[in-house]
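S.K.: Let me give you the structure first, and then I'll get to my questions.
The values are calculated or read from the model by the stated rules, or taken from the named source; none is laboratory data. Remember, it's a predicted structure, so these values are computed and weren't measured experimentally. Counting neighbours? That spans all protein chains shown, and the Cβs are built from the backbone with ideal geometry, glycine included. We work out accessible area using only protein heavy atoms, side chains counted, and drop any ligands, DNA or RNA first. Shrake-Rupley method; radii C 1.70, N 1.55, O 1.52, S 1.80 Å.
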Amino acid sequence: MATPNDLQFQEFEEAADLLSADPGAPTLSMSASNDPTTTAGAPAAGEDVKLDLSEDEAAQEESSELLGGQKSAGGFWTFEYYQSLFNVDTVQVLDRVKGSLMPLPGRNFVKHYLRNNPDLYGPFWICVTLVFSVAISGNLSTFLSSLGDPSYHYRPQFHRVTIAAVVIFLYAWLVPIGLWAFLTWRQGAERQVGGYSFLETVCVYGYSLFIYIPTSILWIISYEWLRWTLIVVAMVISGSVLVLTFWPVVRDDTRVTAVATVVTIVVLHTLLAIGCKLYFFQTAEHTPPAATKAPPIHPTPGGAY
């Protein structure tokens, strides 16, 4: 059986010849610590060898922050802060859009799709697209419904774009601000009440409006029963996203407060859909012109009968 001494590293003959030729050359000992071999330029026996890895550690830490998306941004007055809110790719946006179209029980939009990385890119462009789709579709609907009226003269109603932009952007910002402030207040009053960040709340509301884009385009079809059916379907899908997201937050509050919060969310969402339909997609009612009657003929005195 081989002893530990037999397994020790043996230097090659060439290395021994080189060392004998130049005794002052620095060498590296691979022997055990209990039999140290010191050479010129090497640390003495028992002396700790310290390596400066601060630069490597800093580089690794920076790399991990970039990979994890946790790179700290500057203050809200800097461009980098707002740039991080639009730092999403197409795959993430499409995944969140699909999540807003297919709400499932037990699948929280914030937990499953945002994942602590809310963005404003998707909500912003969804609101912009919805503004133009509602305004343009409303103009086309008015034109098509009045196409057979000879007294109707088409005039582009550009003011509808302004009205749609004001209504939609105010709803997409003021309602989340109010809801976030209320949940923050309740979180301080009731310890068991959770909450989301302001950006997460705005992001949920923005993506929940996506279903109204195809709905507003289909509103061009001038059948009232179809329009109201589309409104109900859109409200159920969009409202489900909001209810499934915010109910887990408010359900630990008092029953009255929790129910009132959810009902308020649904009512405001319903008012937005119905208001857009009634204002931008009014059904033109045409009344046929009254038939003109010929004036009665009165016989003149002395005339022929």
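S.K.: Would you be able to tell me the number of residues in segment 157-190 that are under 21 Å from residue 256 (Cα atoms) and β-branched (Val, Ile, Thr)? Lay out the reasoning, then the answer.
M.R.: In the first step, residues of segment 157-190 are kept if they are under 21 Å from residue 256 (Cα atoms); the result is 175-176, 178-190.
If we keep only those that are β-branched (Val, Ile, Thr) too, we end up with 175, 184.
Counting residues in segment 157-190 that are under 21 Å from residue 256 (Cα atoms) and β-branched (Val, Ile, Thr) gives 2.
S.K.: Say we look at segment 126-176 and pick out the residues that are of a type in the set (D, E, K, R) and farther than 19 Å from residue 274 by Cα; which of these is surrounded by the fewest Cβ atoms within 10 Å (Cβ to Cβ)? Working first, answer last.
M.R.: So in segment 126-176, the residues of a type in the set (D, E, K, R) come out as 149, 155, 160.
Those still in the list that are farther than 19 Å from residue 274 by Cα too: 149, 155.
On the way: 149: 11, 155: 9.
So the residue we want is 155.
S.K.: Which residue pairs have Cβ atoms under 7 Å apart, sit 6 or more places apart or on different chains, and have a first residue in segment 82-109 that is more than 13 Å from residue 206 (Cβ to Cβ) and in contact (Cβ under 8 Å) with a residue 12 or more places away in the chain and a second that is among the basic types (Lys, Arg) and open to solvent by 60 Å² or more (accessible area, probe 1.4 Å)?
M.R.: none
S.K.: What residue, of 184, 201, is at pLDDT 90 or above and more than 18 Å from residue 278 (Cβ to Cβ)?
M.R.: Exactly one residue qualifies, and that residue is 201.
S.K.: Would it be correct to say that residue 196 is aromatic (Phe, Trp, Tyr) and open to solvent by 10 Å² or more (accessible area, probe 1.4 Å)?
M.R.: So residue 196 passes the test.
S.K.: Also, I was wondering about something else. Could you list, in sequence order, the residues of segment 223-279 that are charged (D, E, K, R) and out of contact with any helix residue (DSSP H, G or I) (no Cβ under 7 Å at 6 or more places or on another chain)? Before you say what the answer is, go through the steps one by one.
M.R.: Of segment 223-279, the ones charged (D, E, K, R) are 224, 227, 251-253, 255, 277.
Selection gives 224, 252, 255.
S.K.: Can you spot a residue in segment 190-198 that is of a type in the set (Gly, Ala, Ser) and either more than 21 Å from residue 114 (Cβ to Cβ) or part of a helix (DSSP H, G or I) (or both)?
M.R.: Looking through segment 190-198, none of the residues is of a type in the set (Gly, Ala, Ser) and either more than 21 Å from residue 114 (Cβ to Cβ) or part of a helix (DSSP H, G or I) (or both).
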